[in-house]
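To start, the structure under review is shown below, and the notes come after it.
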Amino acid sequence: MQNETDKGLTAKSLHSDPISWVEKYADYLYGFAMSRLRDEDVAKDLVQDTFLAGLQRLDGFEGNSKEKTWLTAILKNKIADFYRKRSANGLRDLKLTDAEDEQQDFFDTESGHWNEKYRPQAFGLDVGNPLLMKELGDILNECLAKLPGLWFSVFSMKHMDDLASELICTELKLTAANFWVIMHRTKLNLRACLQKNWN
């Protein structure tokens, strides 16, 4: 006859099988973490932390989502925690007035149009050519790798995870002004990097 503990474990095992997590999800979660962190050691640590947190929260997993989705959500929280801890240092030098001053270089203050020197150049991209699209993707990844960690985090949460700006600000403890400055500088840096490296 089963005792209460065995019954609880049996019920949980219907929804989740922690023994197979590493085999099933480690590569996916590592790839997910690397796409947002760009640091192998940190990515590995956060995947391990994700599995540990999953084991600790197994009682709360009711099978309403897939294991992979549930573990990915835990990993997203771990990544946000990682950047939240680092964001305090990265925000010291961000000032809205600096970003506004930078913007004046790029845009005419009266008309709001691009200044001639900084006007975006046409990429001449044939979107039907898979080789060109791959080359552009590789260059974009190289440009993303050059961003400061906090900038990359904000950009990836906004444009890769499609999170609302308010949620990103809450998760990373940013003010709306800090968020705007980071996004502004990130886009300008990416644009300059792409234009420099794309022939």
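The values are calculated or read from the model by the stated rules, or taken from the named source; none is laboratory data. This one's a predicted model, so the numbers in the text were calculated from it and none came from an experiment. In this analysis, Cβ positions are derived from the backbone assuming ideal geometry, glycine residues included, and neighbour counts consider all displayed protein chains.
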- Task: Could you please tell me which pairs satisfy a Cβ distance under 6 Å, a separation of 6+ or placement on different chains, a first residue in the range 170-194 that is assigned by TED's automatic domain parsing to the domain that holds residue 155, and a second residue that is modelled with pLDDT under 85 and of a type in the set (D, E, K, R)?
- Result: 172/84; 173/84
- Identity of the residue in the range 161-199, part of a loop (DSSP other than H, G, I, E, B) and surrounded by 13 or more Cβ atoms within 10 Å (Cβ to Cβ), that ends up modelled with the lowest pLDDT: 198
- Which one of these is free of Cβ contacts under 8 Å to residues at least 40 places away in the same chain, in contact with a Leu (Cβ under 8 Å, 6 or more places away or on another chain) and farther than 24 Å from residue 39 by Cβ: 132, 136? 132
- Scope the range 140-150; condition at pLDDT 85 or above and surrounded by 17 or more Cβ atoms within 10 Å (Cβ to Cβ); matching residues: 143, 144
- Note on the structure: Going through the range 26-79 in order, the residues found to be closer than 21 Å to residue 147 by Cα and either assigned by TED's automatic domain parsing to the domain that holds residue 158 or aromatic (Phe, Trp, Tyr) (or both) are 30, 32
